[in-house]
């Protein structure tokens, strides 16, 4: 009996140690990346470090590399290649990667515009707390792209996204209150949300991806 207890305790210690070491290694990697990427004239090295980690499956690095490729920082922009990296990060439920991948599906990065896949990615981003994913999903309902057009559903999603800090959502929500889309006209709330949208630090989209309809 005593041997069994000792064995269980030993296993518990080993498990905790393994988790601790994995966490420490992740923290160390993040610190190293932050250190190198903050240095002047080290952009290329920073990119190569992130790319190696992305190829090993690190979600944050895959998202980072996807953005760099989508923006054409070191070579002409390649949205299909960027989508491949976004997929790696999205498979690990990286919310921003899910949002960006959803936008690429929406725009038809592989040829046809894939609204169902876009909706799935926006919903995944939303479920993981990404307010811009909510905003993108709300736009689908606003325009009726791949879903049944519904100002009421769009209003609900714009409201959630705006409450979580999305400036574009706040701007659209102000318009909804101003003209009465999906809700009653309310000049006071229209003014309130417009002031939120006009605040400094306005969130902007990846400029390689145009605003969509």
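The values are calculated or read from the model by the stated rules, or taken from the named source; none is laboratory data. As the structure is a computational prediction, the values presented were derived from the model and not from experiment. Neighbour counts run over all protein chains shown; Cβ positions are idealised from the backbone, glycine included.
Does region 141-152 include one or more residues that are modelled with pLDDT of 95 or more, buried (at least 20 other Cβ atoms within 10 Å of the Cβ), within 26 Å of residue 106 (Cα to Cα) and outside the structural domain of residue 120 (by TED's automatic domain parsing)?
Yes, some residue in region 141-152 is modelled with pLDDT of 95 or more, buried (at least 20 other Cβ atoms within 10 Å of the Cβ), within 26 Å of residue 106 (Cα to Cα) and outside the structural domain of residue 120 (by TED's automatic domain parsing).
Please state which one of 132, 114, 123 is free of Cβ contacts under 8 Å to residues at least 60 places away in the same chain, surrounded by 15 or more Cβ atoms within 10 Å (Cβ to Cβ), under 21 Å from residue 97 (Cβ atoms) and touching a helix residue (DSSP H, G or I) at 6+ places or on another chain (Cβ under 6 Å). Even if it seems obvious, please write down each step before you answer.
Numbers: 132 fails: free of Cβ contacts under 8 Å to residues at least 60 places away in the same chain; 123 fails: touching a helix residue (DSSP H, G or I) at 6+ places or on another chain (Cβ under 6 Å).
Checking each option against the conditions leaves just 114.
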